[in-house]
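**Q** Let me begin by handing over the structure; questions about it come next.
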Amino acid sequence: MAAPKDRPNGYTYAQAGVDIDAGNALVRAIAPLARSTRRPGADAELGGFGGLFDLKATGYKDPVLVAANDGVGTKLKVAIDAGLHDTVGIDLVAMSVNDLVVQGAEPLFFLDYFATGKLDVEIAKSVIAGIAEGCRQANCALIGGETAEMPGMYAPGDYDLAGFAVGAVERTEVLPRADVGAGDIILGLASTGFHSNGYSLVRRVVADHGFSYAAPFPLNQDITVGEALIAPTRIYVRSVLKAIRETGAVKALAHITGGGFVENIPRVLPDGIVAEIDGASWHMPDVFRWVMKLGGIEEAEMGRTFNCGIGMIAVVPEAKADEVAKVLTEGGETVWRIGHLRAQKGDEARVEIKGAIGSLK
């Protein structure tokens, strides 16, 4: 059957909306970025069908591999609409490597997936530069990834990200430990903002009140609303591994993501144990308070949607709490003693928060 007169024969992939040359240009552009993340075990160049990693080169004696994958969620819409693409790659890495370190694992390598309708090489390069920066912060090698150009799947200018990380931990050092129990202290590590959770609510509040991402942020005129909201997720890997290895006192860790304290802390507690949290023991960053006031969001909703200023918690023996806090502080963290563990009474909730969340001035 002949092609219609208004359509040419000799179709090409480019006419269908996929630019192979742009994809090749991106691979060439990001090769130095991937090279900058090399670490023991990862020395191969990009371009193979799979990423290679030599586990033996890391020096583990009896390792257990730990894997995690995640995305950035609707925070990407803030990045896209604000034209701020250089830090969402850090978020992508952070969401997976922070999930590895809570099990005591050292992140070893990372792979990314970048999907868009029409590939913009400069935007993609900016995003992947952020991924490489996140990998450097986590001492994790970027050993491969996939760029997918899919016309018709995404609105113009939109893209999506997924990330995959693998780490290792000695079999005898997997967290949480079996001796987590009543009397242990909960240390809270400060977040940098919303991290990568709750942005569907954040975007709704900002849009309903007519704020542009380009407008000055009301609480700090030196930055825009977009810049205030886009602050990248903190990567806790180096400081937490340092505390684990130097003190031997970290019993459990929990990455505080969607669901806040209420859903994430019980994941590392044994049956019959409650985490009692003093809501007035840490400071909630102003950007949370701004969104909370703007949207009239109730405290309970804040607590189950956002991290509210605490991005990671560590469970430690009371006798070692100050030592662990000191090592974490030396590693660059802001640390508060935010609560303790106790025996559960009847069928009470596994997390009890006393006082207003993050109300420390």
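The values are calculated or read from the model by the stated rules, or taken from the named source; none is laboratory data. None of the values given here were measured: they were computed from a predicted structure. So basically every Cβ, Gly included, is an ideal-geometry build from the backbone, and we count neighbours across all protein chains shown. Just the protein is used for accessible areas: all its heavy atoms, side chains included, with ligands, DNA and RNA removed. Shrake-Rupley method; radii C 1.70, N 1.55, O 1.52, S 1.80 Å.
**Q** Within the range 335-358, which residues are assigned to a strand (DSSP E or B), open to solvent by 40 Å² or more (accessible area, probe 1.4 Å) and small (G, A, S)?
**A** At the first step, the residues of the range 335-358 found to be assigned to a strand (DSSP E or B) are 335-343, 351-354.
When the remaining residues are screened for being open to solvent by 40 Å² or more (accessible area, probe 1.4 Å), the result is 336-337, 340, 343, 352-354.
Once the filter is applied, which keeps residues that are assigned to a strand (DSSP E or B), open to solvent by 40 Å² or more (accessible area, probe 1.4 Å) and small (G, A, S), the range 335-358 yields only A343.
**Q** Checking the condition assigned to a helix (DSSP H, G or I), hydrophobic (A, V, I, L, M, F, W, C) and open to solvent by less than 10 Å² (accessible area, probe 1.4 Å), which residue from V206, V287, V262 passes?
**A** Details: V287 fails: open to solvent by less than 10 Å² (accessible area, probe 1.4 Å); V262 fails: open to solvent by less than 10 Å² (accessible area, probe 1.4 Å).
Testing whether each residue is assigned to a helix (DSSP H, G or I), hydrophobic (A, V, I, L, M, F, W, C) and open to solvent by less than 10 Å² (accessible area, probe 1.4 Å) leaves just V206.
**Q** Just give me the residues in the range 23-72 being closer than 30 Å to E173 by Cα, open to solvent by 50 Å² or more (accessible area, probe 1.4 Å) and touching a helix residue (DSSP H, G or I) at 6+ places or on another chain (Cβ under 7 Å), in sequence order.
**A** Across the range 23-72, the qualifying residues are S36, P40, D62, N69, D70.
**Q** Within the range 220-244, how many residues turn out to be open to solvent by 20 Å² or more (accessible area, probe 1.4 Å), touching a helix residue (DSSP H, G or I) at 6+ places or on another chain (Cβ under 9 Å) and not in a loop (DSSP other than H, G, I, E, B)?
**A** Number of matching residues: 6.
**Q** Within the range 109-167, track down each residue that is hydroxyl-bearing (S, T, Y) and not in a helix (DSSP H, G or I). Can you show your working first?
**A** The initial filter retains those residues of the range 109-167 that are hydroxyl-bearing (S, T, Y), namely 113, 116, 126, 147, 154, 159.
Residues satisfying the conditions are Y113, T116, T147, Y154, Y159.
**Q** For the range 30-84, name all the residues that are in a strand (DSSP E or B) and β-branched (V, I, T).
**A** Let us first name the residues in the range 30-84 that are in a strand (DSSP E or B), namely 39, 42, 63-70.
V64, V66 - these are the residues of the range 30-84 that are in a strand (DSSP E or B) and β-branched (V, I, T).
**Q** Taking only the range 110-147 into account, find how many residues are of a type in the set (F, W, Y) and open to solvent by 40 Å² or more (accessible area, probe 1.4 Å). I'd like the intermediate steps shown before the answer.
**A** Step one: filter the range 110-147 for residues of a type in the set (F, W, Y), giving 110, 113-114.
In the following step, the residues that additionally are open to solvent by 40 Å² or more (accessible area, probe 1.4 Å) were identified as 113.
So the answer is 1.
**Q** Considering (1) in contact with a Phe, Trp or Tyr (Cβ under 7 Å, 6 or more places away or on another chain); (2) closer than 30 Å to A214 by Cβ; (3) at pLDDT below 95, say which one G41 fails and leave the rest.
**A** Against the list (1) in contact with a Phe, Trp or Tyr (Cβ under 7 Å, 6 or more places away or on another chain); (2) closer than 30 Å to A214 by Cβ; (3) at pLDDT below 95, G41 comes up short only on (2).
**Q** Out of all the residues in the range 148-172, which are over 25 Å from L111 (Cβ atoms) and open to solvent by 60 Å² or more (accessible area, probe 1.4 Å)?
**A** Initial filter on the range 148-172 (over 25 Å from L111 (Cβ atoms)): 152, 155-156, 172.
G152, P156, T172 - these are the residues of the range 148-172 that are over 25 Å from L111 (Cβ atoms) and open to solvent by 60 Å² or more (accessible area, probe 1.4 Å).
**Q** If you go through the range 83-105 one residue at a time, do you hit one that is touching a residue at least 60 places away in the same chain (Cβ under 8 Å), open to solvent by 40 Å² or more (accessible area, probe 1.4 Å) and either aromatic (F, W, Y) or under 24 Å from R267 (Cα atoms) (or both)?
**A** Within the range 83-105 (the criterion being touching a residue at least 60 places away in the same chain (Cβ under 8 Å), open to solvent by 40 Å² or more (accessible area, probe 1.4 Å) and either aromatic (F, W, Y) or under 24 Å from R267 (Cα atoms) (or both)), the answer is yes, since at least one residue qualifies.
**Q** Specify the residue that is most open to solvent (accessible area, probe 1.4 Å); the eligible residues are those in the range 183-203 that are farther than 14 Å from A314 by Cα and hydrophobic (A, V, I, L, M, F, W, C).
**A** Initial filter on the range 183-203 (farther than 14 Å from A314 by Cα): 192-203.
Filter again for hydrophobic (A, V, I, L, M, F, W, C), leaving 194, 201-202.
Working: F194: 7, L201: 50, V202: 0 Å².
The selected residue is L201.
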